[in-house]
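To start, the structure under review is shown below, and the notes come after it.
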Amino acid sequence: MTATATATRKLSDRAHRIVFELALHDGQWVDVADIYTRLGLTSHQVRNALKELITAEMAERERRPVASETGCRRTHRTYFRLTDETPSEASA
């Protein structure tokens, strides 16, 4: 059995749904809010599944600073995308 087959068996149903959602964006960074809105899930459900994908090295995360409307509070947005190399490609 390949490493990818073993890794994907351990992923939840939500993580699989997010893989397909991220694949539709063809390697572009996607805001977490866009993901949970399109899938009809809550932000916590999506974040837990994304954590699974990051642990399996199937997705990567990028935090970008965003200025608040009042300018006194610093915040950020988190974006995700599928990694360029899947675990099976990295070991080959």
Checklist outcome for this item: Among residues of the stretch 47-82 being assigned to a strand (DSSP E or B) and among the polar types (S, T, N, Q), the residue modelled with the lowest pLDDT is T75
Item to check | Residue list for the stretch 44-53, filter: under 8 Å from the mean Cα position of the chain (by Cα) and surrounded by fewer than 14 Cβ atoms within 10 Å (Cβ to Cβ) | outcome: K51
Item to check | Residues satisfying the stated conditions in the stretch 34-56, i.e. in contact (Cβ under 8 Å) with a residue 40 or more places away in the chain and out of contact with any Asp or Glu (no Cβ under 7 Å at 6 or more places or on another chain) | outcome: E52, L53, A56
Next on the checklist: Quick check on my filter: what residues within the stretch 21-37 are over 11 Å from the mean Cα position of the chain (by Cα) and more than 13 Å from Y79 (Cα to Cα)?
Outcome noted: L24, D26, T37
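The values are calculated or read from the model by the stated rules, or taken from the named source; none is laboratory data. Quantities reported herein were computed from a predicted structural model and do not represent experimental measurements. Note that each Cβ is placed from the backbone with ideal geometry, even for glycine, and that neighbours are counted across all protein chains shown.
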